[in-house]
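Right, one structure below, let's go through it.
Every number here is computed from the coordinates shown, using simple stated rules; none is lab data. Because the structure is a prediction, the values reported are computed rather than measured.
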Amino acid sequence: MSKKILIVLICNFFVSNCFAKTEFTLDFLLQADVTPSAAGFKVKSVAISPNNFTVIYDESQERFHDINSTLTVNTDIPSDRAESFYYDINLVENNASCLLHNGKTIYYEPPVLAITNNMGDLVEVNSRNPLLWQEFDDVVSGTQASVKKINLSFSKIPVTDFINNYKYCEGKMTLMVGLSI
């Protein structure tokens with residue numbers, strides 16, 4: 001078996017060596033045409049409904065129940081525009097903590113954010129994995145818009161006898177939404 005591995009390594013070395021002399025760098029210019037009539041459009045508003053959540057702690061699972069909501073992105077792009085416009089959703093901040101009766105603050109894994117993509121599937125969105133090139137597939141007041149489902153899924157809270165020790169819990173999630181260029 002070790003002979004086969006040695007042969008593969010030698011072949012890879014020779015193959016790389018043979019093709020290395022035939023590689024050339026190619027630089028080319030890329031031009032993007034942004035017409036003045038399309039450049040002035042923007043996202044007018046982003047709303048989550050409901051936008052304030054009261055979560056219920058599940059003692060048997062030692063975590064909060066999931067939350068479902070709706071994200072609506074409104075633009076000033078007339079619905080009759082023939083061009084395709086897209087937008088991106090970035091998670092900028094996501095944190096969660098609880099204050100215990102003894103004054104100690106415990107930080108725990110913030111909720112996982114999932115948003116429906118263009119295919120209608122819930123996909124996780126985090127700081128390393130934004131939701132890119134989303135379509136405006138709805139119309140609100142004559143302008144292009146998008147309505148997405150949101151799910152927040154909470155992890156287990158790492159405290160023994162949490163229900164009798166906490167004073168309150170809070171969290172903050174910040175999304176940045178903008179037109180794709």
Could you go through segment 73-81 in sequence order and give the Karplus-derived ³J(HN,Hα) for each residue, using 6.51 cos²θ - 1.76 cosθ + 1.60 with θ = phi - 60°, rounded to whole Hz, and x for Gly and Pro?
10, 10, 10, 9, 7, x, 5, 8, 5
What length, rounded to one decimal in nm, is gained on full extension from Y57 through to L122, with 0.36 nm per residue of separation minus their alpha-carbon distance?
21.1 nm
With θ set to phi - 60° and the Karplus curve 6.51 cos²θ - 1.76 cosθ + 1.60, what are the ³J(HN,Hα) couplings of segment 129-144 in order, to the nearest whole Hz, using x for Gly and Pro?
9, x, 9, 9, 6, 7, 8, 8, 10, 10, 10, 10, 6, x, 10, 5
Geometric extent, Cα atoms of segment 110-149 - Rg, Dmax (angstrom)
11.7, 37
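When the chain is fully extended, how far beyond the present Cα-Cα distance does I48 get from N129, taking 0.36 nm per residue of separation?
Numbers: separation 81, 0.36 × 81 = 29.16 nm, distance 2.01 nm.
Fully extending the segment from I48 to N129 adds 27.2 nm.
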Which aspartates and glutamates have a Cα less than 16 Å from the Cα of K104, not counting those fewer than 8 places away in the same chain?
D161, E170
Roughly what % of Cα-Cα distances in segment 98-181 sit above 17 Å, to the whole percent?
60
Please report, for the Cα atoms of segment 52-140, the Rg to one decimal and the Dmax as a whole number; what are they, in angstrom?
17.7, 60
Show me, for segment 61-67, the HN-Hα J-couplings you get by feeding each phi into the Karplus relation (A = 6.51, B = -1.76, C = 1.60, θ = phi - 60°), rounded to Hz, glycine and proline as x.
9, 6, 7, 7, 5, 5, 10
